[in-house]
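Q: Sharing a structure here in structure tokens format.
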Amino acid sequence: MLGFSFFRCYNALMNKFPQDFFWGAATSSHQVEGGNIYNDWWQAEEKHQLKEASLSACEHYKLYPQDFAIAKELGHNCHRFSIEWSRIEPREGDFQPQAIQHYRQVIAELKAKGMEPVVTLHHFTNPVWFSEKGGWTNFKLQKYFLRFVEKITAALAAEVKYWITINEPLVYSSHAYLLGAWPPKQCSLWQTAKVTLNLAQTHIKAYRIIHRIYREKGLPGPLVSIAANLQAFEICRPTLKNKLARYLRNKLYNFYFIELLLRKKTLDYIGVNYYSRNLIDTRHWGVRSLLLETCQENHHPLRKNSLGWDIYPHGLYKLLISLKKYNLPVFITENGICTGDDDLRWDYIREHLEETLRAMEEGVRVAGYIYWSLLDNFEWDKGFGPRFGLVHVDYPTQKRSIRESARKLAEVIKSGAII
Ligand code: BGC
């Protein structure tokens, strides 16, 4: 399905999404399942190191059949979710068959409803025992994650084609090891670099394991990638410093990791998570300024989400065009907005779809669009405040209500045309 046919091209030129385009929404285990008591986030939440605790989250571990029924009603033909390693292996080496069985049922439920599963293996959380040994700062611990990958792939290969090994490796390493915002809350450039490299090496090995298992089982090849968080780096003023900063940030934050994996031939497609713009205004020549300083003066104000992130759909177009040179299909594995204003949510979705279609008209092979998120959920260190869902969740009652924006997206999915 990630192929590139004449009809895909033709449809894009007709201002329509191709018929085999993937449409769906994403979640991640810790953000929706509830009760993930064996992972490092839960541990930090218990120690009151975070604003809010995830507790029962959206009770999706139990309510997934009803949530998938909603996704089906909304016309989705794919769904992205993550497998919680700490449920599969709560204690070192103690694998839980019933947890694996749970995810088998999740996949069966999706397939019965006509939705292709897109499975993430690491989405920011780790089992406590793994983090207590040193987690991703220790290269020797890769073997534990790879053993988990091996088990899960062996169990699910027959039912899964699309894999994402690691969600947003750079977001994880920077938030957990540089900014000190996520467990284990460290602030060290050295550890961040180590973790990033460790994640890259781990992806490369995981990619090879997944492919080997499919070969051994005589199954058609899987499609494996990461979900890369890409930001639109825009300059405030056309100074030399700003241009250099833009170049360096694009290289380092957007393309370095992808290019590393491409050199090792371990990406079958490029998973793109896109949300916002980073507006550069660098005052000094120092590395810190060049790599981190952003405009503080509101020179080019844009609409914002409820966390204050700029809404910049054109950035998605520009990034998609810049991925063209890698000559691989692209899958938009996350794009979304947290807001209390559902009209703004719809504008956000529509405008990002328009920019996607434009990039497709210019030859970018986009396989699908996955909105973040199906449900309002636990937004990590920001707690339950930000609401990203196509579906509103009333946490005290766990009642779901489909938002109008989700219905409008469903119309696009149905007709293939943006209304
Ligand atoms: C992550 C999600 C997160 C979303 C919104 C992405 O970086 O993969 O887990 O909820 O962005 O912040």
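Q: Place +1 on the Cβ of every Lys and Arg and -1 on the Cβ of every Asp and Glu in region 6-414, take the dipole about the Cα centre, and give the residue among 102, 364, 63 whose Cα lies farthest towards its positive end.
A: Selected residue: 364.
Q: While we're on this one: Given the protein chains as shown and a 1.4 Å probe, how many square angstrom of residue 83 are accessible, to the nearest 10?
A: So the heavy atoms of residue 83 present about 10 Å² to solvent.
Q: A further question on this structure: Quick check on the chain: helices-only [θ] at 222 nm, where DSSP H runs of length 4 and up contribute -39,500 (n - 2.57) each and the sum goes over total residues. Nearest 500, please.
A: So the calculated ellipticity at 222 nm is -13000 deg cm²/dmol.
Q: Can you tell me the dipole magnitude for the chain around its Cα centre, using point charges on the Cβ only (Lys, Arg +1; Asp, Glu -1), in Debye to the nearest 20?
A: So the magnitude is around 1400 debye.
Q: What are the residues whose amide H is under 5 Å from the amide H of residue 120, where those residues sit 5 or more places off or on another chain and H is modelled from the backbone?
A: 81, 82, 83, 164
Q: Once you keep just the Cα pairs under 8 angstrom separated by 6 or more residues, what percentage relative contact order results for the chain?
A: The value is 18 percent.
Q: Right, here's the next one. What list of ³J(HN,Hα) values in whole Hz, one per residue of region 322-337 in order, does the Karplus curve 6.51 cos²θ - 1.76 cosθ + 1.60 (θ = phi - 60°) give from phi, with Gly and Pro shown as x?
A: Each residue's phi maps through the Karplus curve to give 6, 7, 4, 5, 7, 6, 10, x, 10, 10, 7, 8, 7, 7, x, 9 Hz.
Q: Using θ = phi - 60° and the Karplus curve 6.51 cos²θ - 1.76 cosθ + 1.60, what whole-Hz ³J(HN,Hα) does each residue of region 407-416 get, with Gly and Pro shown as x?
A: Those phi angles translate into 5, 5, 4, 4, 5, 5, 4, 5, 9, x Hz.
Q: Report, in debye and to the nearest 20, how large the dipole of region 57-124 comes out about its Cα centre when Lys and Arg carry +1 and Asp and Glu carry -1 on their Cβ.
A: 180 debye
Q: Place +1 on the Cβ of every Lys and Arg and -1 on the Cβ of every Asp and Glu in region 6-414, take the dipole about the Cα centre, and give the residue among 326, 269, 315 whose Cα lies farthest towards its positive end.
A: Positive-end residue among those listed: 326.
Q: Here is a further query. For a quick check: with amide H placed at 1.01 Å from N, whose amide H comes under 5 Å from residue 23's, ignoring anything fewer than 5 positions away on the same chain?
A: 77, 78, 369
Q: Something else about it: Among 196, 377, 76, which residue has its Cα furthest toward the positive end of the charge dipole of the chain, with +1 on Lys/Arg Cβ and -1 on Asp/Glu Cβ?
A: Of the candidates, 196 comes out farthest on the positive side.
Q: Return the sequence-ordered ³J(HN,Hα) values of region 233-243 in whole Hz as given by the Karplus equation 6.51 cos²θ - 1.76 cosθ + 1.60 applied to θ = phi - 60°, using x for Gly and Pro.
A: Whole-Hz 3J(HN,Hα) from phi for region 233-243: 8, 10, 9, 7, 9, x, 8, 4, 4, 5, 5.
The values are calculated or read from the model by the stated rules, or taken from the named source; none is laboratory data. Since the model is a prediction, treat every value here as computed from it, not as a measurement. Every residue, glycine as well, gets a Cβ built from its backbone with ideal geometry; the counts of neighbours run over all protein chains shown. These area figures cover heavy atoms from the full protein model, side chains too; ligands, DNA and RNA do not enter into them. Shrake-Rupley method; radii C 1.70, N 1.55, O 1.52, S 1.80 Å.
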